[in-house]
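Data block below; observations after.
The values are calculated or read from the model by the stated rules, or taken from the named source; none is laboratory data. Bear in mind the structure is a predicted one, so any value in this text is a computation, not a measurement. Here the Cβ positions follow ideal geometry from the backbone for every residue, glycine too, while neighbour counts run over all protein chains shown. Side chains are part of the model used for accessible areas, which takes the heavy atoms of the whole protein and leaves out ligands, DNA and RNA. Shrake-Rupley method; radii C 1.70, N 1.55, O 1.52, S 1.80 Å.
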Amino acid sequence: MTSTTPTSTTPAPTTPAPTTPASPTTAAADPLVGAPLAAPSAVARPERRGWTRWPRLALPLVPLAALVALAVIGPWLTPHNPERVSGPTSAPPSGEHLFGTDTSGLDVFSQTLAAFRTNVWIATVAVLLATAGGALLGLLTGMNESARGPRGLAARLLGRIADFVQAVPGMLLGLITVAFYGASQTTLVLTLGVVLAPLQARLVRTEVLRVRSDAYVDAARMAGLSELRLTLRHVLPNSCRPAMENLSVLFAVSIILTASLGFLGAGLPTPKPEWGAMISRGATDAAVGNWWPATFPTLALIITVAIIAAASSALLRRRTR
Amino acid sequence: MDRFGQLALDAVSKSFGPTHRRHLAVDGVTLEVTPGARIGIVGESGSGKSTLARMMVGLDAPSAGSISFNGVSLRSLLRLRASRLELRREVQFVAQDTTSSFDPLRTLRDSIRVPAQRLAGLDRRAADERVDATAVMLGVSPELTDRHPGEVSGGQRQRLAIARALVVEPNLLVCDEVVSALDVSVQGSILNLLKRYCVDRDAALVFVSHGLPATAFVSDRLLVMRGGQVVEHGPTSTVLHSPTHPYTRDLLAAFHGPRSDTGAGVDAPVALPLPRSQPAPA
Amino acid sequence: MRQTLRRQRWWLARIIALPFQLIVFAAVSFLLVHNIPGDPVAVLTGGQADAANRAAIEKQLGLDGSLPTQLMRYLGHTLTFDLGHSYITGRSVASEFGDRLPATIELTLMGVFLSAVLALGLSYLAVTRPRNPVSYLVRGYARIAGGLPDFAVGVAAVFVFYATLHWAPAPLGRLSSDVDDVPKVTGLPFLDTILTGRFDASWSMAGHLALPVATLVISQAGVLVKMLIGGLEEAVDAAPTRFRIASGASPAMVRLSLVRRALPPAVTTCGTLFGYALGGAVIVEAIFGFAGIGSYLSDSVSSGDIPAMQGFLVIVAAVSLLVFLLVDLANMSLDPRRRPGARTD
Ligand SMILES: Nc1ncnc2c1ncn2[C@@H]1O[C@H](COP(=O)(O)OP(=O)(O)O)[C@@H](O)[C@H]1O
Ligand SMILES: [Mg+2]
């Protein structure tokens, strides 16, 4: 699992990577766009005017902003109470029920909208947790694993444990943990964090192994910095890039994982709006030809994942230039 | 802790690799460095010079043998924060690698200021002034230090790496291949500068290089290493004129023979490779 | 003899390590489960147990004695493949798994195998014929890799091909109701229909398997395609390939070396994919009403059957570790630089 973005497009001034067809959202940030205006030299690039640059770079972030807004205020926009029966059962989409109702008469539109907060919130916190934990784990193992004595031993042991966690498919581990500790947002977030942290730890560790032998780390030692200080100041910032690029993938994985658990009935308790549980309930509808209860939450999920992927690749492009 | 008085290596060895395939990189080196001494270490690539230099400054721990600073073992000095900082103030190191010598995410000034503040105890303004002065001393314009390491040339970066070591005005400077990556004219000016710094302050220098002429120019004692061992050790002129080990003779022959007047005036122009080829004494 | 041993060390060491890894894993999962809030005895008896009763039940569940004693006893049992007895049915957990695991593994392997074949074909096409319209589609598909949830694909498949088009059979198991059950030989359901010569059942089962396997393939293959496209493009540019082309090697040779260079990361991905597919299989089983570990897991999760869940953790870990071992061995034989102790610099 690596980054989704075609990040290998390090901005080469003369040949702006024609082989990577940019997706519509990222096209605005493509170096090709401004090229004819600028003098054909590399020096001219940074002087591109601020007012032509900003909207282009901000454009891919508009959907992201909308997503965040939905996650925050979504539950207040619902026309019906998402957790109460609000109409006939299995009614097709209409003016009253935009996305129809499901088998128990819950309004699908309100549920889908309200679930933005649940799913996006869980995924976001889980990803942040996994990244923070993974970075810590990667730093600890990477910096210490080849040391002699108890420090190295502990680091190698930690690395092994992370491997073990990775050996079990995340969804099954999540299923069992949720079963053991009860389904709540906290359990879900912690479980996803534990499942995903080893992925980030591995990425960070690989970088740490490269960075720790760079001369500037020794130079920082010679400058009197303590190991902790120099790790935070030099090793961490220089090792976290692949993990940052992986954030959007991780986000997609945790959105899907949360929904998968909900789908299998190990998610949050029933009336709580959650896409996976909605799709699971909608599956029985789909089998008898009622398409709407499963389709709308699925679309919401896929669009959310796509928005995050597009926004992160746009942000990463900006950072590489 | 007092000012640098003596750095003593006693039968120091370093091995790498897993137990069943140990590999001795440094094999029983004994050496003493005192104030004002300028010691050159030469040897082919892979002979253990870098490993030895790193152990001298406490970046690596020896597998066997001991290293002491003013009679106290490096290991115990490094353990406590206060004595570690004292040690760093007295002993500085410039590493071999020029491409990764500075953190690519920080400006050069950011990196050079750290030792000035932490070790020399200067406040931020004074540290900045010290950085400027040291950069000028090494022939780099102070404005360049506000750039990132990728935005200056390799030679400039190397000079600034030396500047970073010199801002704390150490009394022992260990340099690992500092001029090997530079072109000849720059090499000359840096060698002169290092030598002048040591003579002016009565500071000690350990100069590691695979290039014999440069090493001979700055040093008054010379160590020849091969396969981790010191095969020849003595005053530079003695080693150059009457080498005892066949390997040293080969090494000298590779540089068109020895030179008689090493360690001339501090400002002597460096001509590289050494002039006047003269048949090696048999 | 010693020489031979030393030379074979790279794979021997890995195989010998496997049981130890499993023991460690069993211990970790035991401790994890031990920390669950709640009281299994209370769950079992509905809070009605008196002290004597409780002691008897605890003894029966292996919950008596200190934590280390319990742990050692559990590990000892695990070593003899005794995973305890279900709280609910009283049957041995190991035999429950013996009944169900093969079916799930078969489904998973079908998914992974077809994903690998499809991915290899598609990515080869995308790299060698970049102007082909199909190649654009393949690249687009690779870009959304990982964003297609398997349950959504499965539900959509049921809606389109069963509820709307009526092409596929009802999602209610592996066999249509008018086909007799097939006796067990290996436990792998599809293989058994062939081994017992029940080709009517093979035919029926193939029809029932088409959508579930397609679901697995569609939702899993994208990651592999992306990986392979990247690997192949890198391999096309690599110096050894250029050398082969420049020195006039036959196209077949060049192609072979290309694939060989791009393969190790893809093999690794296949191993990871197996893990995802195993999770996906559980979901697919739920959607299509297949018998397998999925339904067993759901049942034991909802009834709080701790030995079953613990056994599940250990067995899934064993299967996954085995797969990772095979992946590592495959990679190490494809590329000797990956063997432990090899110096790469
Ligand atoms: N970190 C290390 N791990 C393993 N081997 C090393 C390491 N550092 C150095 N070596 C080995 O030690 C020997 C001496 O290396 P080095 O001190 O760098 O030599 P020199 O600086 O004279 O070229 C070499 O054979 C090298 O491969
Ligand atoms: Mg060296």
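Quick notes on this structure:
- Segment B:7-256, accessible surface, carbon-and-sulfur percent (1.4 angstrom probe): 50
- Computed on the Cα atoms alone, the convex hull of the protein assembly as shown gives a volume of 246 cubic angstrom per residue.
- Label separation (residue C:134 vs residue A:288): 4.2 nm, computed from points 7 Å beyond Cα along the C-beta direction.
- Accessible area expressed per residue, the protein assembly as shown, with surrounding protein chains retained (probe 1.4 Å, Å²): 46
- Whether chain C is rounded, prolate or oblate, judged on the alpha carbon gyration tensor where a/c under 1.5 counts as rounded: oblate
- Straight-line cross-link partners of residue B:14 among the aspartates and glutamates, defined as a Cα under 13 Å from its Cα and at least 8 positions apart when in the same chain: B:27, B:60.
- Cα-projected label distance for residue A:65 with residue A:213, points at 7 Å along beta-carbon direction, nm: 4.7
- Reciprocal of mean inverse Cα separation for segment C:235-323 (Kirkwood radius, Å): 16.4
- Interface residues of segment A:199-231, defined as those with an accessible-area decrease of at least 50 Å² between the chain by itself and the complete set of protein chains (probe 1.4 Å), are A:215, A:216, A:218, A:222, A:223, A:224.
- Only beta bridges with both residues in the protein assembly as shown are counted; by DSSP, about 55 percent of them are antiparallel.
- Net charge contributed by nearby residues that have their C-beta within less than 10 Å of residue B:247 (K/R +1, D/E -1): -1
- Sorting A:221-233, A:76-88 by their mean Cβ neighbour count within 10 Å, with the most densely packed peptide first, gives A:221-233, A:76-88.
- Net charge, residue A:130 excluded, C-beta distance under 15 Å - Lys, Arg +1, Asp, Glu -1: +1
- Buried accessible surface for the C/A pair, both sides summed and rounded to the nearest 100, is 3400 Å² with a 1.4 Å probe.
- Using the Cβ-Cβ distance between residue C:167 and residue A:153 with R0 set to 60 Å, the FRET efficiency from 1/(1 + (r/R0)^6) comes to roughly 0.50.
- Working from label points 7 Å from Cα in the Cα-to-Cβ sense, the residue C:253 to residue C:71 distance is 5.9 nm.
- The lysines whose alpha-carbon is closer than 21 Å to the alpha-carbon of residue B:195, local same-chain residues fewer than 8 away aside, are B:49.
- The alpha-carbon of residue C:59 sits under 16 angstrom from the alpha-carbons of these aspartates and glutamates, leaving out residues fewer than 8 places away in its chain: C:39, C:50.
- Segment C:167-193 and segment B:81-109: distance between their alpha carbon centers, rounded to Å: 70
- Centroid-to-centroid separation of segment C:94-118 and segment C:287-309 [C-alpha atoms, Å]: 16
- Judged by the mean number of other Cβ atoms found within 10 Å, the most tightly packed of the peptides C:241-254, C:321-334, B:142-155 leads the ranking C:321-334, B:142-155, C:241-254.
- At least 50 Å² of accessible area lost relative to the chain alone, listed for segment C:152-185 with a 1.4 Å probe: C:155, C:159
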